[in-house]
Structures are given as structure tokens and as C-alpha cells.
Amino acid sequence: MQEYFKIVQCFFSDVTKENTEISIVESGLINNTFRLKVYNQTYILQRINRNVFKNPKIIHVNYSKVCEHLLESKYPIHRLDFIKSFNGDELVIHENEAWRISRYIEGETHHICNSLEMAFNAAKALAEFHYCTKDMDVKKIEEPIQGFCDFSYRLMEFKESLISGDANRRSIANELIESLNANLNYVIEYIKLEKQLAIRIIHGDPKVSNFLFEKHNAQVISLIDIDTIMPGTILYDFGDLVRSFSNKTIEDSKTDNNCFEPRVYESLMSGYLSVGKQFMSKEEEEGLGLAAMTVSLIQSLRFLTDYLNLDIYYKVAETDQNLNRAINQFSFFKEIKEYLSL
């Protein structure tokens, strides 16, 4: 880990290899995360994936504006606090890599939802984020990843991968490709609905591991990972929340059945609406079920697209990991589709 020492020196004075500890945090599919100890204080050191985030400065400009608004709106949970370098920047570019350091917040993260209370509290916290940013001028916020919430764009990427992707992998995934193609009508329906909805500030990635909980209970301390804050519809955020929390298996699981947990879904719905009813339109509320179903379908498309394109977006540890992720997400989609009878 000592190769990252020069980065730390951009943020802290009088640091030495003897009083600095850096260890890998095995989480996240995009960025590289490390636990940093300096002067016996703990921080989080991150290298931003510039293949995904072409202009990482957008991330922090967005977050700075959102944080200011959250402060004015009396947002009830912790916000991330980033350390500034000696140049006064939250980002340091070193050898074309983008680095940042945030203060460590004591708490715990999970990869699977462990209780109905956890689901309710997380959904409520997400709705509070949406509520506290509802009056913010969305034009002040840029997209950190172009087309991230654009389902038409995701469809185009998928269809292009069926033509130009790896031929051997297309053959291996043929059954899943046919199943996905047979359900693309739900994506079209979602796209039509989305055109009727307000564009708001969204988190963009409210999965289980991006909520920090108090240890030994299910209270939310902070909504973390601010990289995908962007303009979008709240249906996307709710759908991604359901996709992550209501899945009883991890994304990499090879399980292709018994993924969906309906009790968690109902807790998420109750938690979100406990705040959401104060600001949502009728169309937004009625579209929550369709969003819950469609976002998992789109995520299956995204994993499969990356698999066919030889894993250029998501980090993988084995050859078929993205394929397994795609199968898992499609299985979840089928089960929630049956539950909602849509």
C-alpha cells in the first residue's frame, strides 16, 4: 500500500510511512476504496474510476451544491465530509488518477438487507433526501455519467453488444438474451411514463451497501457514495432501492430462483411513502411498482452488456461474474413481476 503514500502527502503534513496505514476495503464495483489511518485518525481513501467518471470534478461540484441545500433544508442524517488538499481541492489528480479522502463515519454497512426495520429506515432516509432537495434547481446539477438513467440509451447499448460483442459469450448467454428481449416491453412502458414525471435530484445508486447504519441496530446514519448524484426521476432511485434491498441473494450469486423477498418490498414501500406522500405526484406514486420491476430488468441488461463487451465497466474476479449477475437480476425481475402482477 505504500505506493499510495504520495497521495496522502497531498492532504496531510508531517506524515510518514510509520504513522500511516492503508488497507484495502473490498466493496464497490467501480472505484477502489481503502481504509486510511493517519495520526491515529481513520479516513476513507478512494481512487475514482476515470473510465466510468470521465470528469470526476463534476461529482464534487454536484455534491457541494447539494450539501449546501441539504444544510438549509435541515436534512436529518450525516453528510459526507471530504478533506481538502493543500491546494484547496477535494480531488487530487496524480498520474492521471483522481483521488479523494473523506472522514470516516463510525457505523456499519451490509450487502444484504437483514431486517424489515432496516428496509423501512433506508427507504425513509432516501425519501428524506428527495424531500430536502425537491426545491433545488435541477439545472445546477450535471450528469457525472452521460446517459446513466437513460433507459433508451441502455437499450441501445444492449442491442449494440448483441452485434459487436464477443461471439462466444453471445452463444453462452443466448437463453438469457432471448428472455430479456421478450420482456423489453416493460422498459418501453417505463420510458413513456418517465416522460410525464418531474426531473428531480436523485442519489443514483441507493443500494444496500450505500447506507451506513448504526452498529447493532437499523438506524441510518448516512447515505453514502455520492458519485451518481444527478438529475433524474425518483422512480429510478426507488426502483434501484428495491432491486438491492429486496433481493435475498448477492448480485454475484449463481442462484436463478427464490431471489425476491416480498416483505422487504412492502417495508420499502411503507418507508418511502411515510415521507414521499408529502411531495410525490399521483403519477410518481402509481409508478413505484413498475419502477421496482423495470430497474432490475435494466440492471440485468447492463450486466449482460458488460459481459458481452468483455467486462469493461464492472470489476470482475472471474470470467462469468457479469453473466451470473445478469442472470440473478433477471430472476429477481421475474419474481417481482409475478408478485406485482404487472
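Each value in this text was obtained by applying a stated rule to the coordinates, not by laboratory testing. Every value quoted in this text rests on a predicted model; they were computed, and no experiment measured them. Here the Cβ positions follow ideal geometry from the backbone for every residue, glycine too, while neighbour counts run over all protein chains shown.
Quick notes on this one:
- Computed lengthening from Thr42 to Ala317, 0.36 nm per intervening residue step minus Cα-Cα distance: 96.2 nm
- The GluC sites (Glu not before Pro) of region 1-47 meeting both criteria, a DSSP state outside H, G, I, E and B (loop) and at most 16 other C-beta atoms within 10 angstrom of the site's C-beta, are Glu18, Glu26.
- Relative contact order [Cα under 8 Å, 6+ residues apart], region 43-195, whole percent: 29
- Whole-Hz couplings from phi, Karplus 6.51/-1.76/1.60, listed for region 139-149; x for Gly and Pro: 5, 7, 10, 9, 7, x, 10, 4, x, 4, 9
- When all alpha carbon pairs of region 25-165 are counted in 5 Å bins from zero, the resulting P(r) reads 2, 7, 12, 16, 19, 20, 13, 7, 3, 1, 0 %.
- Length-normalised contact order of the chain in % [C-alpha pairs under 8 Å, at least 6 apart]: 20
- Considering only alpha-carbon pairs that sit under 8 angstrom and 6 or more positions apart, the relative contact order computed for region 2-103 is 27 percent.
- Neighbour-limited loop hits for GluC sites (Glu not before Pro), region 97-134 (at most 14 other Cβ within 10 Å; DSSP other than H, G, I, E, B): Glu106
- Relative packing of 317-324, 233-240, which averages over residues the other C-beta atoms within 10 Å, highest first: 233-240, 317-324
- Span from the region 164-231 Cα centroid across to the region 56-72 one, whole angstrom: 22
- Of all aspartates and glutamates in the structure, those lying under 18 Å Cα to Cα from Lys65, and not within fewer than 8 positions of it along the same chain, are Asp81, Asp89, Glu90, Glu128, Asp135, Asp137, Glu142, Glu143, Asp225, Asp227.
- Across Lys54/Lys248; Lys37/Lys57; Lys54/Lys192; Lys140/Lys195, pairs whose alpha-carbon gap is larger than 31 Å: Lys54/Lys248
- Just checking the listed ones, Arg100, Arg154, Arg50: in the Gaussian network model of the chain with Cα springs under 10 Å, the one fluctuating most is Arg50.
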